[in-house]
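These notes are about the structure you will find just below.
The values are calculated or read from the model by the stated rules, or taken from the named source; none is laboratory data. Since we're looking at a predicted model, the values are computed, not measured. Cβ placement follows ideal geometry from the backbone for every residue including glycine, while neighbour counts extend to all protein chains displayed. The area values use the complete protein model at the heavy-atom level, side chains included, leaving out ligands, DNA and RNA. Shrake-Rupley method; radii C 1.70, N 1.55, O 1.52, S 1.80 Å.
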Amino acid sequence: MKLASDRTARKLRAGGLALPLVAFVFLSFLAPLGNLLTRSVHEPVVADALPETLRALEGKWSGGLPPEAAFDAIARELPAARETRQIGPTATRVNRRESGMRSVIVKTARRIARFESRAEAGEPWRRLLPEIDEAWERPESWQAIRAAGERFTDRHYLNAVDLDRDASGDVVRQPAERRIYVSLFLRTLAVSLGVTVLCLLIGYPLAHLIANASASTSRMLLLLVLVPFWTSLLVRTTAWIVLLQQQGAVNDLLVWIGLVADDARLSMIYNMTGTFVAMTHVLLPFMVLPLYSVMRSIPKVHMDAAASLGAKPTQAFLRVYWPQSLPGVAAGSLLVFILSIGYYITPALVGGQSGQLISNMIAHHMQTSLNWGLAAALGGVLLLAVLALYLIYDRLVGIDKLRLG
């Protein structure tokens, strides 16, 4: 009995010690992530502002326009939403379904008081609202209100993969000029993979050199690798703008040695080239450090033993050294890939129009267009893609083989 109580006490103490960490993870990661995913499917603004109107819009309409009750309800609810300062968010969300509806709704809410006396005299709102704006005579305007009034919707996730629903509710592709997100996702994955490969090609020999150099040389090289961590990301990125622009140092050097004519300077900034160069420079330490920590633990006598058994340097590397360094390759590659897939500051500064990634579009919807639902859906799709790649990696390589040294 006493042994069981001691075990319970130890478990409670262990749980108490872990509680601050659990609370931190919940507050800093799980709660924001849950809020993000909730926003992507839950949008109650229009439903809260226009509940009677939405009830009147249910079912099929005869003659293309909704029943008289819908006109009466929206004539009551728009001024009320204006008084509670909900008219702006409501109009914005309807405008996402039908362009131009924001100005129609705001104008109607502001002018509707002028027609109340005529409504009290018996004139129907079905006739009065079109006098404020002729958009109220179009079925598309009412359909936009009904679509925007759904509390739970898959619209944002459909838009995130360039799909939408037509008037009959069927899923269809967006018009060609609005299909931008799938190509951005593919570009983001391609850039992330390319940056990972570049970091591996540059970082592997550098990490090998550091791991096998003398103590003083190794410390100096490690210092050079760590210097970028002590420099502002903004400074590092803008430095590449100075170096890579057409009148920059790199083009000046190419012209001076005669590889490029002065009137044919290379365009290496504000395009995909600038994105690759700047991101590779910023993320290279995240590849070098895991590789170095693993290579440092590989005994040097293994290569000597392979040579003594008759293996050529290339054979010794491929059959002895490379397999032992794979945990560092896997750790560095996974780390660089996951970091690069969410980059947006560097592409925003040096990428131009052709170098923008999906993270830049997420930031745009969060900060500029304020379409948080679509931004959350794009983030959710990106999170799902990363999780899928992680599961594929675990299936093919095994996450248990991942180590940093």
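Odds and ends about this structure:
- Condition met for LEU222 (at pLDDT below 85, assigned to a helix (DSSP H, G or I) and either more than 27 Å from the chain's Cα centre (by Cα) or surrounded by fewer than 18 Cβ atoms within 10 Å (Cβ to Cβ) (or both)): no
- One residue stands out among those in region 162-179 that are among the charged types (D, E, K, R) and not in a loop (DSSP other than H, G, I, E, B): the one that is surrounded by the fewest Cβ atoms within 10 Å (Cβ to Cβ), which is GLU177.
- The one condition in (1) small (Gly, Ala, Ser); (2) surrounded by 12 or more Cβ atoms within 10 Å (Cβ to Cβ); (3) at pLDDT 85 or above that SER216 fails to fulfil: (2)
- Annotation: ARG85 fulfils all but one of (1) without any contact (Cβ under 8 Å) to a residue 12 or more places away in the chain; (2) over 38 Å from the mean Cα position of the chain (by Cα); the unmet one is (2).
- Single match in VAL25, VAL45, VAL41 (criterion: in contact with a Phe, Trp or Tyr (Cβ under 8 Å, 6 or more places away or on another chain) and not basic (Lys, Arg)): VAL41
- Residue list for region 340-357, filter: open to solvent by 10 Å² or more (accessible area, probe 1.4 Å) and farther than 30 Å from PRO44 by Cβ: TYR343, ILE345, ALA348, LEU349, GLY352, GLN353, SER354, GLN356
- Whichever residue in region 130-158 is part of a loop (DSSP other than H, G, I, E, B) and open to solvent by less than 20 Å² (accessible area, probe 1.4 Å) and, among such residues, is nearest to LEU384 (Cα to Cα): THR153
- Of residues in region 358-400 being without any contact (Cβ under 8 Å) to a residue 12 or more places away in the chain and outside any helix (DSSP H, G or I), the one surrounded by the fewest Cβ atoms within 10 Å (Cβ to Cβ): THR368
- Sole exception among (1) surrounded by 16 or more Cβ atoms within 10 Å (Cβ to Cβ); (2) without any contact (Cβ under 8 Å) to a residue 40 or more places away in the chain for THR237, by number: (2)
- Extreme residue, surrounded by the most Cβ atoms within 10 Å (Cβ to Cβ), among residues of region 84-99 that are aliphatic (A, V, I, L, M) and over 13 Å from LEU370 (Cβ atoms): VAL94
- Taking region 32-70 as the range and being basic (Lys, Arg), assigned to a helix (DSSP H, G or I) and either modelled with pLDDT under 90 or open to solvent by less than 60 Å² (accessible area, probe 1.4 Å) (or both) as the test, only ARG39 passes.
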